[in-house]
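Notes follow the structure.
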């Protein structure tokens with residue numbers, strides 16, 4: 001399968017390891033990724049909080065570029081995924097807005113490109129194809145799959161059930177990792193509130209870490225750069241602020257899958273985490 | 001203003017505010033309700049009562065993380081998250097000073113980066129935001145860690161077709177569509 005790859009801004013910086021591990025895992029699974037040439041930012045929350053037009057027009061350019069390539073899109077970033085999906089729906093729903101966007105871009109939309117999250121793309125490969133690549137089972141490691149908001153809400157753009165998502169558990173099943181039942185999987189991490197309303201975000205991050213600690217998770221698994229930044233990079237700050245002592249490593253889904261596939265942890269970008277994942281990795285002999 | 005404001009918000013967000021019967025499910029599921037002055041169901045009630053202007057200066061609009069839980073669960077299919085986006089627009093119009101700090105400032109600095117480069121320049125965005133909030137040293141240790149792990153790029157990586165991105169921004173109209 002060949003897909004138009006839309007990394008988005010985070011994967012070029014803060015979430016560099018998500019980019020590295022997604023590309024590497026995709027290659028080993030026979031998914032051909034072609035980066036969308038000259039892609040732009042989706043606008044994220046800043047755009048939809050500011051202007052409905054920008055919130056549709058920015059992702060619309062990315063959709064149009066992929067249409068030119070004649071390929072469906074893989075968008076590993078949860079925020080980009082939701083903004084692309086929302087723009088698709090709005091362009092379908094509002095012909096007047098579509099006309100304005102087309103005018104501004106000097107491009108037209110046929111609306112035939114589909115947008116996939118990493119969860120959908122991996123799940124589509126099927127359990128057998130994934131199992132065939134697992135050479136280092138993760139038996140004994142307990143993980144809490146964390147979906148956050150943007151992959152599963154609102155229902156119109158959701159890639160899984162909004163209240164009880166299961167795709168990550170399904171994708172990880174062939175790795176024999178123990179996926180825990182827990183209450184935090186679709187709670188909000190606060191996203192960019194960490195910049196504009198820090199104490200509120202720290203509270204939300206603390207709640208998620210607490211829920212994961214209660215079920216004795218050895219690690220969290222995520223498929224969102226905002227969630228990863230908040231849960232991993234801010235864990236020390238949470239500990240300082242609340243007097244807690246969380247030390248829960250946070251893996252990207254692609255990293256954990258890559259480990260099970262026997263790929264080099266360094267190549268998967270595991271050296272750039274704030275909370276050291278070594279202890280969790282040693283449990284499964286990696 | 002009352003009558004006009006009410007219908008304007010309704011129109012802009014395309015929502016049927018009258019459908020809300022105050023069940024409170026939005027507030028029950030809201031992860032940030034604890035930090036809001038007006039809770040999500042109260043935001044809807046104030047709109048129904050035509051007292052929207054009280055909302056425009058409220059903290060709740062900028063505490064909302066756009067997690068979409070309210071929208072997902074509303075039994076009347078009211079898209080409250082979208083409604084809050086619309087209220088944010090009116091809030092900035094009524095009180096331009098809100099963009100001096102916090103989330104409205106962050107959004108502004110973020111979009112300025114997108115407008116200029118077509119992509120977000122994370123390091124520049126963070127420095128500019130911290131500077132404007134007069135907290136220059138905030139997250140210095142984190143920034144150092146991220147630079148050492150190449151999680152922050154020193155220089156922006158602009159798109160080639162900046163003209164097209166500029167066209168998007170110049171076509172943006174000052175209306176709350």
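Looking at B:145, B:129, just one residue is part of a helix (DSSP H, G or I), in contact (Cβ under 8 Å) with a residue 24 or more places away in the chain and not assigned by TED's automatic domain parsing to the domain that holds residue B:60, and that residue is B:129. Note on the stretch A:1-10: residues that are more than 11 Å from chain B (Cβ to nearest Cβ) and either modelled with pLDDT under 95 or over 17 Å from residue A:115 (Cα atoms) (or both) amount to 1.
For the stretch B:83-90, the criterion of being free of Cβ contacts under 8 Å to residues at least 60 places away in the same chain and buried (at least 19 other Cβ atoms within 10 Å of the Cβ) is met by at least one residue. Annotation note: of B:147, B:154, the sole residue that is more than 9 Å from chain A (Cβ to nearest Cβ) and in contact with a helix residue (DSSP H, G or I) (Cβ under 7 Å, 6 or more places away or on another chain) is B:154. When we screen A:281, A:220 for residues that are in contact with a helix residue (DSSP H, G or I) (Cβ under 6 Å, 6 or more places away or on another chain) and closer than 20 Å to residue A:21 by Cα, the only hit is A:220. Looking only at the stretch A:114-163, residues that are within 14 Å of chain B (Cβ to nearest Cβ), more than 15 Å from the chain's Cα centre (by Cα) and in contact (Cβ under 8 Å) with a residue 40 or more places away in the chain come to 1 in all. Here residue B:89 meets each of (1) over 13 Å from the mean Cα position of the chain (by Cα); (2) facing chain A (nearest Cβ under 8 Å) with one exception, condition (1). Of all the criteria given as (1) assigned by TED's automatic domain parsing to the domain that holds residue B:17; (2) touching a helix residue (DSSP H, G or I) at 6+ places or on another chain (Cβ under 8 Å); (3) modelled with pLDDT of 95 or more, the one not satisfied by residue B:28 is (2).
Between B:113, B:7, B:58, the distinction of being in the same structural domain as residue B:135 (by TED's automatic domain parsing), more than 12 Å from the chain's Cα centre (by Cα) and either part of a helix (DSSP H, G or I) or buried (at least 16 other Cβ atoms within 10 Å of the Cβ) (or both) belongs to B:113 only. Under the condition of being free of Cβ contacts under 8 Å to residues at least 40 places away in the same chain, at the interface with chain B (Cβ under 8 Å from one of its Cβ atoms) and within 25 Å of residue A:255 (Cα to Cα), the residues counted in the stretch A:188-206 number 1.
Against the condition touching a strand residue (DSSP E or B) at 6+ places or on another chain (Cβ under 6 Å) and crowded, with 19+ Cβ neighbours inside 10 Å, how does residue A:220 come out, does it pass? Yes: the conditions hold for residue A:220.
The values are calculated or read from the model by the stated rules, or taken from the named source; none is laboratory data. Here the structure is a predicted model, which means the values were calculated and not measured. FYI the Cβ positions are ideal-geometry reconstructions off the backbone, even for glycines, and counts take in every protein chain you see.
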